[in-house]
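Heads up: the structure comes next, in structure tokens.
Only the coordinates and a few stated rules stand behind these numbers; no lab work does. None of these values were measured; they are calculated from a predicted model. When we count neighbours, we look across all protein chains shown, and the Cβ atoms used for this are built from the backbone with ideal geometry, even at glycine.
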Amino acid sequence: MVEKLVLHDLSENEFKLDKKKYHIFKASQEVKPCVGCFGCWIKTPGKCLIKDSDSDFALIMPHAEEVIIVSQLVFGGLSPNVKAVFDRSIGFVLPFFYNLNGEMRHKQRYKKRPCQRYMFYSDVISDEEKTTAFEYAKANAHDLGADITSIDFYSSTTELLEALK
């Protein structure tokens, strides 16, 4: 069982956490974006068909208690590299829908769903970006059937890493 799964876009020099406490995924520029093939739903349930360093992220998620998303705040959302990994975790849910309180929801593939914690960093963060980031994080959690433990903003990576310890 993975207690805390961390997805981040920081450099290896910046990001030093105890690997005994965290399962760490680095969202690098080599990560390919989702191509919308839905192979993760049909051909290899839960596993992305694209072969790269982040293809197993969605398979590890159901074994985590909490997924911690560390991302530069870019236009009120995730950095492109973190977003690419997150987009490719759609296989975490099933391709079937149901209506809950007037909203379409994906049926869940797994009984256990980890909580999500968002940790955004940027040297300048506007109120509009914060609002957009809150809505974006809530929508992601909603799509994956997860609860959010927190959505936090940091003016530096140093400040963020201190909060993560």
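When the Cα positions of 81, 91, 158 are compared along the charge dipole of the range 76-160, 91 comes out farthest toward the positive end, with charges on each C-beta of Lys, Arg, Asp and Glu.
Placing a pseudo-label 7 Å from each Cα along the Cα-to-Cβ vector at residue 21 and residue 165 gives an inter-label distance of 0.9 nm. Taking other C-beta atoms within 10 Å as the exposure proxy, 150, 71, 55 rank 150, 55, 71 from fewest upward. Taking the Cα centre of the chain as reference, the dipole from Cβ charges on Lys and Arg (+1) and Asp and Glu (-1) amounts to some 980 debye.
For the pair the range 67-87 / the range 1-64, the C-alpha centres are spaced 12 Å from each other. Inter-label distance, residue 75 to residue 112: 3.7 nm, where each label sits 7 Å from its Cα along the C-beta direction. Taking 7 Å steps out from each Cα toward its Cβ at residue 56 and residue 131 produces label points 4.3 nm apart. Backbone N atoms of the range 98-112 closer than 19 Å to the 7 Å Cα→Cβ label point of residue 38 belong to residues 98-99, 104-110. Compared with the direct C-alpha span, the chain from residue 105 to residue 12 gains 29.9 nm at full extension, assuming 0.36 nm per residue. When peptides 80-92, 104-116 are ranked by their average number of other Cβ atoms within 10 Å per residue, the highest-first order is 80-92, 104-116. Across the range 76-134, counting alpha-carbon atoms alone, Rg and Dmax equal 14.8, 41 Å.
Dividing the Cα radius of gyration of the range 8-68 by 2.2 N^0.38 Å, with N the residue count, gives 1.26.
Within the chain, the ratio Rg/Rh, alpha carbon atoms throughout and Rh by Kirkwood, equals 0.95.
Residue by residue, the range 113-122 carries 3J(HN,Hα) couplings of 10, x, 6, 10, 10, 9, 10, 9, 9, 5 Hz when phi is fed to the Karplus relation 6.51 cos²θ - 1.76 cosθ + 1.60 (θ = phi - 60°); x denotes Gly or Pro.
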